[in-house]
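Worksheet: the structure to be examined is printed underneath.
Laboratory data are not the source of any read-out in this text; all were calculated from the coordinates shown. Predicted model, so just to flag it, every value in this text is computed and none were measured. FYI the Cβ positions are ideal-geometry reconstructions off the backbone, even for glycines, and counts take in every protein chain you see.
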Amino acid sequence: MDASHVGSDLQHVLLTEEQIRERLDELAGEIADAYAGKDVLLVGVLKGAIMVMADLMRALPFSAPVDWMAVSSYGSGTKSSGVVRILKDLDTDITGKHVLIVEDIVDSGLTLSWIRANLESRSPASVEICALLRKPEAAKVDIDVKWVGFDIPNEFVVGYGLDYDEAYRGLRDVGTLASHVYS
Ligand code: 5GP
Ligand code: MG
Ligand code: MG
């Protein structure tokens with residue numbers, strides 16, 4: 001079956017697959033320079049970061065180990081609950097390691113600042129963040145995201161790993177949902 005039918009639920013494509021891939025290639029170059037001569041552990045935040053992780057790790061010129069964390073912050077709605085809980089912790093002991101958190105999107109920033117603080121408490125050598133998307137207008141906390149793919153408007157987006165009630169993660173582009181989806 002052709003997946004393009006779900007594309008009709010999009011109101012507006014913000015970023016195409018091609019734009020995302022090009023930007024991740026650029027970021028991978030910067031990340032490779034920053035970690036030259038060091039070992040880095042890539043930590044993806046489930047589930048939204050699956051696509052970013054898949055493409056970023058393949059764009060890196062070295063083979064880095066990958067681990068995953070799952071936290072709850074959003075339910076089926078579109079607003080941050082502000083409550084963060086670990087649903088799945090890392091398999092890896094990160095003591096003394098360089099950790100790069102790979103995320104889909106920084107919205108309020110609450111989730112990522114919580115994750116960063118949590119990982120920093122485990123005595124890693126360093127913790128940095130790479131996020132594909134950021135909504136500067138939605139920021140509630142000041143968070144240092146070293147690598148950002150794109151700053152986007154303060155709208156709810158789906159695709160490329162990002163869901164609405166678990167749907168649309170498989171869309172190749174990132175876009176906003178048409179209003180008929182919400183009603
Ligand atoms: P934050 O804590 O920064 O507000 O966002 C936490 C998480 O909510 C993000 O990692 C992401 O998984 C989800 N999220 C935030 N904004 C959006 C959005 O526009 N679309 C979707 N699908 N998820 C979002
Ligand atoms: Mg996320
Ligand atoms: Mg979600």
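Amide H to amide H distances under 5 Å link Leu46 with Met69, Ala70, Val71, where only residues 5 or more positions off or on other chains count and H is placed in the peptide plane.
Pairs of Lys residues in region 3-182, spaced 8 or more positions apart or belonging to different chains, with C-alpha separations under 26 angstrom: 18 in total. On full extension, the segment bounded by Asp89 and Ser8 gains 25.5 nm, given 0.36 nm per residue less the C-alpha separation.
With equal scatterers on the alpha carbons only and no solvent term, can you work out the Debye log10 of I(q)/I(0) for region 1-61 at 0.14 1/Å? For region 1-61 at q = 0.14 Å⁻¹, log10 I(q)/I(0) is -0.54.
Neighbour counts of C-beta atoms inside 10 Å place Ile115, Ile94 in the sequence Ile94, Ile115, starting with the fewest. Out of every Cα-Cα pair that region 98-144 contains, those further apart than 13 angstrom amount to 52 percent. Of the three principal axes defined by the Cα atoms of region 3-182, the extents in descending order read 49, 34, 28 Å.
Roughly what percent of Cα-Cα pairs across region 103-183 reach past 18 Å?
Working: 1527 of 3240 pairs.
Across region 103-183, Cα pairs with separations above 18 Å total 47 percent.
Within the shell defined by Cβ-Cβ distances under 12 Å, the residues around Val102 carry a net charge of -4, with Lys and Arg each +1 and Asp and Glu each -1. Per-residue 3J(HN,Hα) values for region 166-183, derived from phi via the Karplus relation 6.51 cos²θ - 1.76 cosθ + 1.60 with θ = phi - 60°, read 6, 9, 6, 4, x, 4, 7, 9, 10, x, 8, 7, 5, 5, 5, 5, 7, 9 Hz in sequence order (x marks Gly and Pro).
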